[in-house]
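Working notes for the structure below.
The values are calculated or read from the model by the stated rules, or taken from the named source; none is laboratory data. These figures come from a predicted structure and were not determined experimentally. With ideal geometry, Cβ positions are generated from the backbone for all residues, glycine too; neighbour counts draw on all protein chains shown. Just so you know, the surface numbers come from the protein's heavy atoms only, side chains and all, with ligands and any DNA or RNA stripped out. Shrake-Rupley method; radii C 1.70, N 1.55, O 1.52, S 1.80 Å.
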Amino acid sequence: MITRAAITAVGGYVPEKILTNKELEKMVDTNDQWIRDRTGIEERRILDKDRATSDMGVEAILNLLSKTNYSAEDIDLIIVSTVSPDYVYPATANIIADKIGAVNSWGFDMNAACSGFLYALRTGSQFIESGMHKKVLVVGADKMSIRVDYEDRNTCILFGDGAGAVLLEPTEENGIIDSKFAVDGSGGNFLMQKAGGSKYPTSLETLKNKEHYIYQDGRTVFKFAVKGMADITEEVMKQNNLTADDVAYLVPHQANKRIIDATAKRAGLPDEKVMVNIQKYGNTTNATIPLCLWEWEDKLKPGDNILLAAFGGGFAWGSIYLKWAY
Ligand code: ACO
């Protein structure tokens, strides 16, 4: 018997404060119709200034644990995927472990931009498959509002704040079956935070040039994202002999409704088989996929074939095929 890792619980959290397209119209030269037509986004959530990414991760985990018979002390490992950690170090995973009382857990952060949650999920699954751990929490959380220049209409309309978490446990049926990942570092310059790292440490100059905010060549990223996400999803389907009829749901990273539609179309999947909540939350970066699972959890059945897919900065992209376990 092969031991696989199955998602056995899901939790989510979005801040209460809503930032609508209409409100953005007052901040930059944009309009509600343009944002809806070009991205599918209607509103996004914004976290209070005095709260951090770890606070959202904690909320998502507490929501998850409330649906199980487990306590934080039962957790072996916490992996947090984020591009907006509380600090450069210590890792946000450590802060979360402390806040929830996961005294028997270790943890670390991962960063693969918008594909981070899939990379973290696959990393977490290895600890289960190897037999090293029995309970791994994978958290995708981002306070993107700190990364966004609210004077730049190219980016500020896209992003929002949120967190999602899944619990991985061993299983002998269902669970994570297959995956494929890719990176193309030559795409790095098209989507990045230019300053604040070791190459361009924060300085008065980088702050003046607003290089601590997201820089994106949207048109180029869009082109690569459409191809990358559709290609890799199709490859994972082929590799597992899955037809569109076999798939219960596609769970795509929520960056732009048009990228989601193109991926779904290539996979031959109708709208009702595609999880979409971008209209409510925008792009929450590492939180998009677990937030979809959180919202669709009640509709999922054991054995459902689920395809997860993401594309983002790096470029980094990937797809995971799993069978829902509960
Ligand atoms: N409101 C009104 N007009 C706008 C806005 C706005 N908010 N933003 C741009 N425009 C204008 C542009 O200036 C341009 O005007 P011009 O033709 O006079 O120059 C026109 O609209 C068209 O601009 P495009 O950039 O070509 O618009 P596009 O249809 O490509 O949409 C968008 C832009 C939404 C950013 C899109 O390119 C996109 O979604 N890109 C991919 C984003 C993505 O997937 N990111 C990866 C994940 S993020 C991560 O990993 C952290």
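A compact table of results
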quantity	calculated
Meets criteria (open to solvent by 10 Å² or more (accessible area, probe 1.4 Å), out of contact with any helix residue (DSSP H, G or I) (no Cβ under 6 Å at 6 or more places or on another chain) and of a type outside the set (Asp, Glu)) for Leu158	yes
Strands (runs of 3 or more DSSP E) fully within region 1-86 counting 1 or more residues that are charged (D, E, K, R)	4-13, 43-45
So Gln254, is it modelled with pLDDT of 95 or more and under 17 Å from the mean Cα position of the chain (by Cα)	yes
Of all residues in region 98-122 being open to solvent by 20 Å² or more (accessible area, probe 1.4 Å) and part of a helix (DSSP H, G or I), the one that is nearest to Ser71 (Cα to Cα)	Ile100
Candidate set from region 185-220 (those that are within 14 Å of the ligand (Cβ to nearest atom) and hydrophobic (A, V, I, L, M, F, W, C)); member that is farthest from Asp149 (Cα to Cα)	Phe190
Residues of region 141-164 classified as within 12 Å of the ligand (Cβ to nearest atom) and over 19 Å from Asn21 (Cβ atoms), total	2
Residue count for region 221-241, restricted to those that are within 16 Å of the ligand (Cβ to nearest atom) and open to solvent by 30 Å² or more (accessible area, probe 1.4 Å)	6
Filter pass, Ala267 being surrounded by 21 or more Cβ atoms within 10 Å (Cβ to Cβ), away from the ligand (no atom under 16 Å from the Cβ) and not aromatic (Phe, Trp, Tyr)	yes
Index of the failed condition, Thr206 passing every other in (1) open to solvent by less than 20 Å² (accessible area, probe 1.4 Å); (2) touching a helix residue (DSSP H, G or I) at 6+ places or on another chain (Cβ under 9 Å); (3) not assigned by TED's automatic domain parsing to the domain that holds Asp50	(2)
Subset of region 65-97 [among the charged types (D, E, K, R) and open to solvent by 70 Å² or more (accessible area, probe 1.4 Å)]	Lys67, Glu73
Residues located in region 202-225, provided they are in a helix (DSSP H, G or I) and in contact with a strand residue (DSSP E or B) (Cβ under 6 Å, 6 or more places away or on another chain)	Val221, Ala225
